[in-house]
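What follows is calculated from the coordinates using simple rules that are stated; it is not laboratory data. Model, not experiment: these values are computed from the prediction.
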Amino acid sequence: MIHYSLVCDAAHEFDGWFRDSATFDAQASSGVVVCPHCHSTNIAKAVMAPHVARKFFSRASVEEERQPSCARGQDESQPVALLDERHAQLRAMIRELRESIVASTEDVGERFPSEARKIQDGEAEPRPIRGRASLAEAKSLLEDGIEILPFPGLRGEGN
């Protein structure tokens, strides 16, 4: 999966995830990529700064970060900000999308990669499912032509 910052001809900025650069190009040229603000289909990649890690992450530090902050002896609260109405609307749209996905799919948990393969191979009933997969498992599914959509939870919600 590749993440792009996008901009429409009205200068609205938004993000998009695509299988690869060619997929973005094909979808953008066919009018499938749409600005969520004005519904324009004249979309281009915005200028993006590369992400540069600021510190070296050891396996131990990554594992520590995965633990809840209270388990690391830190205050559980996190600094947050509501920047503007547009960000509040985007958060609401993400929450609505997440709720729709949860309501219309079966949670197969850690079995997601194997269940997705069974459905693809005709060994299981075709149905919308959701669950968990490692980055390596997700990449493998995509490489094998199995269409999946990673989606984030929202902080403060039971994920």
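For the reader, a short list of remarks on this structure follows.
- Taking region 84-147 and dividing mean pair separation by its residue count, relative contact order in percent (alpha carbons under 8 Å, at least six apart): 31 percent
- Rotationally averaged projected area of region 2-45 (alpha carbon convex hull; nm²): 2.5 nm²
- Percentage, to the nearest whole number, of Cα pairs in region 84-147 over 20 Å apart: 39 percent
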